[in-house]
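Throughout, read-outs are computed from the coordinates displayed, never taken from laboratory work. Being a predicted model, the structure only gives us computed values, none of them experimental. A quick note on method: Cβ atoms are made from the backbone with ideal geometry, for glycine too, and the neighbour counts reach across all protein chains shown.
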Amino acid sequence: MNDRQFRLPRKESKSKTNDAVTGALSRADLNRLKANTQDSSVQQTDAISADELDELRRHGQREQVGRLPRPQDPDVSATESISREQLAELTKRGEPNQVGRLPGPAAPRKSRFGREKKSSRPRSLLRELGIVVAIALVLSVLVKTFLVQPFWIPSGSMENTLVRGDRVVVSKLTPGPFDLKRGDVVVFSDDENWLESPNVERSAIANAIVKPLQFVGLYPEGDDHLIKRLIGLPGDSVSCVPGERMKINGQPVSEPYLYSGDEACDEPFDIVVPQGRAWVMGDHRSGSSDSRAHDEESGGLQGSIPIDSITGRAVAIVWPLDRMGGLSNFSSTFDKVPNS
């Protein structure tokens, strides 16, 4: 036997069972035989080209180099190729387990006890709603305290300018940044005890509901407030004789806002408004208990009200809708009145 030959055992013959029969086989034939007689435990593979191998490496599938998964092989899990950009994106998200395959649907979050966590969206919505309501209430209190405040009209003393049940908006900027003027319709608290009883009586349950709403400005006040027209400023001389026009600092004034059929006054009076106080009267003179009724011939000291008691100037009717509109101070009525 020379260097290029190998001997393989032949099948035993009947005549010579103990003698091995050999045949000549070239090296190329031996290699083919080895390739065709691989151990059955070695998994079959499919040949791939160098280009396909480079493509797999670029796709990040290093574990797949050298073989392509066979559809019929149950031990090899199917994968999907992704680009280098997708691989970099997954790496940024901190998902190393997803390298080499497309991300699947996110698994439900679980608590440390193994139970799935319920969505916190309803709780978050309630928290956001609570914050919005709290902010709205704070803004309402600020607006009511410094800007405007709603009031309701409890009587007919200002007819027909205002009627019972009207809702008005009162500017808190007067007095303050803006000065009071003759003819202004003003709301003031009953610091002089003009009211014999509150304008409305409510049960304890109703007060428990209404008072907080009034505090935040969501319900009109008026239980212990009055509303009149400002006639005299501090230092003004105000006088009136029945059947004649009222005089302020000696100047007669025409009052177009008076209730139909009413005169300027029913009884004569002549007063001087003390400093820091104001003289107020209702437009419905025959049905108004105002500065005239409470002066008791004190010359204006008892009948006038402290300016500090004035809550603000009524600027508009906001309810009912058919009476909605602004409130005038009839500046033309008082523009000829000289200062005191």
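Put a dot 7 Å past each Cα toward the Cβ at LEU129 and ARG84; how far apart are the dots in nm?
Computed distance between label sites ARG84 and LEU129 equals 5.3 nm.
Which entries in LYS172/LYS211; LYS181/LYS211; LYS144/LYS247 show an alpha-carbon gap greater than 30 Å?
Check vs 30 Å cut-off fails for LYS181/LYS211; LYS144/LYS247.
Any chance you could run the full-extension gain for LEU213 through GLN251? It's 0.36 nm times the residue separation minus the Cα-Cα distance, nm to one decimal.
9.2 nm
Arrange the peptides 121-130, 134-143, 257-266 so that the one whose residues have, on average, the most other Cβ atoms within 10 Å appears first.
Answer by packing, highest mean first, reads 257-266, 134-143, 121-130.
Which value in Å is the Kirkwood Rh of the stretch 129-230 over different Cα pairs?
15.0
Given Cα positions, please report Rg to Rh for the stretch 202-340, the hydrodynamic radius being the Kirkwood one.
1.02
Using each residue's phi in the stretch 233-249, evaluate 6.51 cos²θ - 1.76 cosθ + 1.60 at θ = phi - 60° and report the 3J(HN,Hα) Karplus result to the nearest Hz, with x for Gly and Pro.
Going residue by residue, I get 8, x, x, 6, 9, 10, 9, 7, 10, x, x, 10, 6, 6, 10, 10, 6 Hz, with x marking Gly and Pro.
Give the relative contact order (percent, whole number) for the stretch 149-334; include only Cα pairs under 8 Å separated by 6+ residues.
30
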